[in-house]
2 protein chains.
Amino acid sequence: MSNVQVLPLLEPESAAPCCPPLTERPLTAVEAERTAVMFKALGDPVRLRLFSLIASHEGGEACVCDISDVGVSQPTVSHHLKKLREAGLLTSQRRGTWVYYRVAPAVLAAMGQLLTSAAGA
Amino acid sequence: MSNVQVLPLLEPESAAPCCPPLTERPLTAVEAERTAVMFKALGDPVRLRLFSLIASHEGGEACVCDISDVGVSQPTVSHHLKKLREAGLLTSQRRGTWVYYRVAPAVLAAMGQLLTSAAGA
């Protein structure tokens, strides 16, 4: 019998990919509100570094226990990871002692598409 | 003789595309500092809307004179466009009375690539 507990945490409310390519039409106020939250979450150097640490970590996931050398304390790391999750950019899953974070692929793909399309204008 | 003056404004200092795909390796502190500035610029709903207005405008460029219905005053629009330019996301060119803004394609493509690659992890 395994003593590893799998307790998925709540997913962000609206992790659905947002919005057409930026070249197609202007975003509505509602779309802009929703999408800006994601960009804002990546608009902090420490959060962006943490995000890249998780995205590039073996298996595509990492817990706070895997993260060091970003120059901030572990509680601060946890705080930033929570912010990224709330913005819909990471998903999380508790396994035993630790919460493991993983990049939310659909949301990122949508953000990437939004920008790449704009670049092709 | 034309009375239209073409006076390109200063381009942002470092508009070079940044950084490998997020899945490849963690960003360095310097890379994260540089890239976070761009995400932060898009992390405001009004700026994101203005950005999409320009990206989707006829000819891929727009001046403040083309922009209305975003619910903020013209000086505020100008302020936000300047911020987007300083972050390297827009280029600008003065033509006569107006400054015309255009999406900076290379920078956006790089940001899009950064995210799209991470999504494919």
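Points worth noting:
- Mean Cβ count within 10 Å, highest first, over the residues of peptides A:74-85, B:53-64, A:49-60: A:49-60, B:53-64, A:74-85
- Bridging of A:Lys83 to lysines at a Cα separation below 27 Å is possible for A:Lys40, B:Lys40, B:Lys83, once same-chain residues fewer than 8 apart are set aside.
- Relative pair counts by distance (%), Cα atoms of the range B:29-113, 10 Å bins: 17, 54, 24, 5, 0
- With a Förster radius of 45 Å applied to the beta-carbon distance between A:Arg95 and A:Ala29, the computed FRET efficiency rounds to 0.70.
- Accessible surface buried upon B-A contact (total; probe 1.4 Å; Å², nearest 100): 2800 Å²
The values are calculated or read from the model by the stated rules, or taken from the named source; none is laboratory data. These figures come from a predicted structure and were not determined experimentally. When we count neighbours, we look across all protein chains shown, and the Cβ atoms used for this are built from the backbone with ideal geometry, even at glycine. Remember, those area values only see protein heavy atoms, side chains included, never the ligands or the DNA or RNA. Shrake-Rupley method; radii C 1.70, N 1.55, O 1.52, S 1.80 Å.
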